[in-house]
Amino acid sequence: MTEAIKRPRRKDPQKRTVLPTLPPTSRSRRALGFTAAAAEGRFVLQKCDDCEAVTYPPREACPKCLSMNLNWRDMPEGGQLIAETTIQTSTNVYFRERTPWRVGTIALDVGIPVLAHIHGDVVEGGRVRMIARTDKSGQGVLMALPEQETANMTDDKQLRELTCDPKIRRILITDGRTQLGQAMAQAVSSAGAATVFVGIAETWRPFKGADSLAAIPNVEVMALDVTDTVSVNELASEIGGKVDILINTAEHVRAGGAMDRDGIVTARDEMEVNYFGPLRLIQAFGPGMRFRGADGVNSACAWVNLLSVYALSNWPAYGSTSASQAAAYSLSQCLRGEFHGSGVKVLNALFGPLEEDWRQHLPPPKVTSEGLAKAVVAALQQGLEELTVGAVAEDFLTRWKQDPRVLERELTQPEGA
Amino acid sequence: MNADTTTVLPALAEALVAGKVRTIDLTHTLDPDFPVIILPPEFGQCARFRVEEVSRYDERGPAWYWRNFTCNEHTGTHFDAPIHWVSGKDLPNASVDSIPVEGFVRAVCVVDCVKEAAADEDFLLTRDFLVAWEAEHGKIPEGCWVLMRTDWSKRSAADYLNLRDDGAHSPGPDASAITFLIEERNVVGFGTECVGTDAGQGGHLSPPYPAHFLLHGAGRYGLQCLANLDQLPPTGALLICPPLKIKNGSGSPLRVLALVEENSA
């Protein structure tokens, strides 16, 4: 049984903060297919399209028939732990700091053995459920979980290295003026966050939900305007050292493309919030989070970008906003590179049309604020880096993966959506 | 040059140095968090005041500190030119760069509406109120500025704009007051402590936004977001309010000063 995690005592101010170290980082280009799927929480293995053999670890050619036609395919998660060991020391600094560490061999139901990290509640010979996640080095790894839920299961030391569970962590939600920001505050509070800092811009303008927001347990309302560098820097000076998860809920969405707009004032507002907003937040909060990537059980662990799925491919009906979100998406990739080595994950949540005023005239299905917030919290608890929320976004992403050029053609047809 | 003009300014300069004439700052600090007017969100919005550091004695410029700032022509304590409003759009010399500079230095009358604004946040300054004010302080001189003092500048940020779900609530003039000032007193401009020259609910008056519509239609100017009006006498002070010389500018943030004789406040 896993012992429930507790909020740590206050840090000894004379003690140096533990710096992030990394499990092995190198992967072949081929093997990155596993990492990319793990970032989405998918468990994939290479399967030979010629002889149907499943293979592990990643290879360039099928070990059975030498075909080059090996492709990553989703696999059933079941298996059985057939051998295990507990590592007591290691030459790798990351593991050396974290021993004892369980690893073992799992006989997958799909018919091959794999080496994986082992959850503390898995017993030898027992049935397991495999998960693939990115580890602190950003690479895909396998972990065997008990097949059935166990008490405090998510608090397992090894599992928590792979997840970004809000439990006992301190969260910054950058914009609490909107229903989305308020739903997000409620969701992380319910998930056991120790503190939920919620940014409010322009306190001189009243907003709906102010009272209920302040009443959410552990919420602390802070002055924050992502369009104002001074404001962002001031808040970072105040709480930058204790933000474990940052969720950027600020967005500025307006219908309209480029040619049918008069002037660039609205586009500039979109860029101020959607692109320069995260850029300011990264400059102010990024360095502190990067430094605290291994700072105990409530280390800095995740940066969450909420992005319209039209960040991936422009929808001319919201063309100008789409462009600013594309900029934000591109920036998130830069951030992922800059966070590499820190153990802080970048979670990009791509969502379809949200149920809110500026998308009011769009037809359903839409994503509710509560639905998006819940999905983000679940993704953090699972340690995902890629999340797609809502039927529109899921369909969009499928088409984007199939062929982004075809999707672009679809979106730019008169009836495109 | 006649003898008077060569004695007035040296005397003023001497009085300034001697502290017999005080200089009062009527300006709010340009602060990113200072309220701006809020229009329905479908309309273009007034940009907030923002600064971005270019360098601060660092690798971006080792010996100097400077910043870029951005704002609207109507952010913070600011000047409204006639061209700001549709009623003044076709007037000659109606933008901040072309307005005759004489109007930027003028006598100023300060109408105390503090008590009335405290009792009624939607208080409207009327012609009758001005006539009553004149009975006490004398006739408003031609070509002067008239400022409406409400102590609104002392309010907290949220109470300053006083936004509710039916809009902003703050005092201002009605059409009769503005018409009186333009047609019967020929003032050069009208100013307030609130975020605009019009009342918070001024859009529901007739004509809508009477201060903007009537003043600018008649080629007069506006000042708003003024502070420290409580330090001015009802009459006898001199207002200095030159806006930035922005090409075709509809207005501009500015430093507003008043000269006050020491014994007159």
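The values are calculated or read from the model by the stated rules, or taken from the named source; none is laboratory data. Just so it is clear, the structure is predicted and the values come from calculations on it, not from any experiment. Glycine gets a Cβ as well: all are built from the backbone with ideal geometry, and neighbour counts include every protein chain shown.
Every listed requirement among (1) assigned to a helix (DSSP H, G or I); (2) in contact (Cβ under 8 Å) with a residue 60 or more places away in the chain; (3) under 29 Å from A:GLN139 (Cβ atoms) is met by A:ALA284 save one, (2).
Per-residue answers, yes or no, for (1) assigned to a strand (DSSP E or B); (2) within 17 Å of the chain's Cα centre (by Cα); (3) touching a residue at least 60 places away in the same chain (Cβ under 8 Å):
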site: B:THR29; (1), (2), (3): no, yes, no
site: B:PRO35; (1), (2), (3): no, yes, yes
site: B:GLN45; (1), (2), (3): no, no, no
site: B:GLU52; (1), (2), (3): yes, no, no
site: B:ASN68; (1), (2), (3): yes, no, no
site: B:GLY76; (1), (2), (3): no, yes, yes
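Does A:ARG169 fit the bill of being more than 14 Å from chain B (Cβ to nearest Cβ), at negative phi and out of contact with any Ser or Thr (no Cβ under 7 Å at 6 or more places or on another chain)? Against the criterion (more than 14 Å from chain B (Cβ to nearest Cβ), at negative phi and out of contact with any Ser or Thr (no Cβ under 7 Å at 6 or more places or on another chain)), A:ARG169 qualifies.
So in segment A:385-417, with the set limited to residues that are outside any helix (DSSP H, G or I) and without any contact (Cβ under 8 Å) to a residue 12 or more places away in the chain, which one is nearest to A:GLY140 (Cα to Cα)? So the residue we want is A:ASP403.
Checking A:GLU60, A:GLU3 one by one, the residue that is over 25 Å from the mean Cα position of the chain (by Cα), in contact (Cβ under 8 Å) with a residue 12 or more places away in the chain and not assigned by TED's automatic domain parsing to the domain that holds A:LEU145 is A:GLU3 and no other.
Looking across segment A:207-220 at every residue that is under 15 Å from A:LYS242 (Cα atoms) and not charged (D, E, K, R), the one that is nearest to the other protein chains (Cβ to nearest Cβ) is identified as A:VAL219.
The set of residues from segment A:221-248 being within 14 Å of chain B (Cβ to nearest Cβ) and not hydroxyl-bearing (Ser, Thr, Tyr) comprises A:VAL221, A:MET222, A:ALA223, A:LEU224, A:ASP225, A:VAL226, A:ASP228, A:VAL230, A:VAL232, A:ASN233, A:GLU234, A:LEU235.
Total residues in segment A:71-94 satisfying the condition of being surrounded by fewer than 18 Cβ atoms within 10 Å (Cβ to Cβ) and among the aliphatic types (A, V, I, L, M): the figure is 4. Among the residues of segment B:54-69, is any in contact with a Gly (Cβ under 8 Å, 6 or more places away or on another chain) and more than 21 Å from B:PHE190 (Cα to Cα)? Among the residues of segment B:54-69, at least one is in contact with a Gly (Cβ under 8 Å, 6 or more places away or on another chain) and more than 21 Å from B:PHE190 (Cα to Cα), which makes the answer yes. Being in contact with a helix residue (DSSP H, G or I) (Cβ under 7 Å, 6 or more places away or on another chain) and closer than 30 Å to A:PHE291 by Cα: is that true of A:ALA378 here? No: the conditions fail for A:ALA378. Among the residues of segment A:249-280, just one is touching a strand residue (DSSP E or B) at 6+ places or on another chain (Cβ under 6 Å) and either touching a residue at least 60 places away in the same chain (Cβ under 8 Å) or within 14 Å of another protein chain (Cβ to nearest Cβ) (or both), namely A:THR249.
Taking residues in segment B:211-233 that are in contact (Cβ under 8 Å) with a residue 40 or more places away in the chain and more than 14 Å from B:SER87 (Cα to Cα), and partners anywhere that are part of a strand (DSSP E or B) and aliphatic (A, V, I, L, M), the pairs with Cβ atoms closer than 6 Å and at least 6 places apart or on different chains are B:ASN228/B:ILE24; B:LEU229/B:VAL110; B:LEU229/B:LEU147; B:GLN231/B:ILE24; B:LEU232/B:VAL110; B:LEU232/B:ALA258.
Of all residues in segment A:395-416, those that are farther than 12 Å from A:LEU312 by Cβ, under 28 Å from the mean Cα position of the chain (by Cα) and surrounded by 14 or more Cβ atoms within 10 Å (Cβ to Cβ) total 1. Does at least one position in segment A:145-157 carry a residue that is free of Cβ contacts under 8 Å to residues at least 40 places away in the same chain, over 16 Å from A:ALA379 (Cα atoms) and within 14 Å of chain B (Cβ to nearest Cβ)? No, every residue in segment A:145-157 fails to be free of Cβ contacts under 8 Å to residues at least 40 places away in the same chain, over 16 Å from A:ALA379 (Cα atoms) and within 14 Å of chain B (Cβ to nearest Cβ).
Matching residues to (1) in contact with a helix residue (DSSP H, G or I) (Cβ under 7 Å, 6 or more places away or on another chain); (2) loosely packed, with under 13 Cβ neighbours inside 10 Å; (3) more than 13 Å from chain A (Cβ to nearest Cβ):
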{"residue": "B:ILE24", "(1), (2), (3)": "yes, no, yes"}
{"residue": "B:LEU30", "(1), (2), (3)": "no, no, no"}
{"residue": "B:PHE34", "(1), (2), (3)": "no, no, no"}
{"residue": "B:LEU39", "(1), (2), (3)": "no, yes, no"}
{"residue": "B:GLU42", "(1), (2), (3)": "no, yes, no"}
{"residue": "B:PHE49", "(1), (2), (3)": "no, no, no"}
{"residue": "B:GLU59", "(1), (2), (3)": "no, yes, yes"}
{"residue": "B:ALA63", "(1), (2), (3)": "no, yes, yes"}
{"residue": "B:ASN72", "(1), (2), (3)": "no, no, no"}
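Sub-7 Å Cβ pairs linking a first residue in segment A:291-316 that is farther than 21 Å from A:VAL377 by Cβ to a second residue that is among the acidic types (Asp, Glu), at least 6 apart or interchain, are A:SER313/A:GLU408, ordered by first then second residue.
What residue, among those in segment A:354-392 that are β-branched (Val, Ile, Thr) and closer than 25 Å to A:THR35 by Cβ, is surrounded by the most Cβ atoms within 10 Å (Cβ to Cβ)?
Once the filter is applied, the top-ranked residue is A:VAL376.
Every residue, every condition in (1) within 25 Å of B:ILE99 (Cα to Cα); (2) not small (Gly, Ala, Ser), yes or no:
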position: B:THR6; (1), (2): no, yes
position: B:ALA15; (1), (2): no, no
position: B:ILE37; (1), (2): yes, yes
position: B:GLU42; (1), (2): no, yes
position: B:ASP58; (1), (2): no, yes
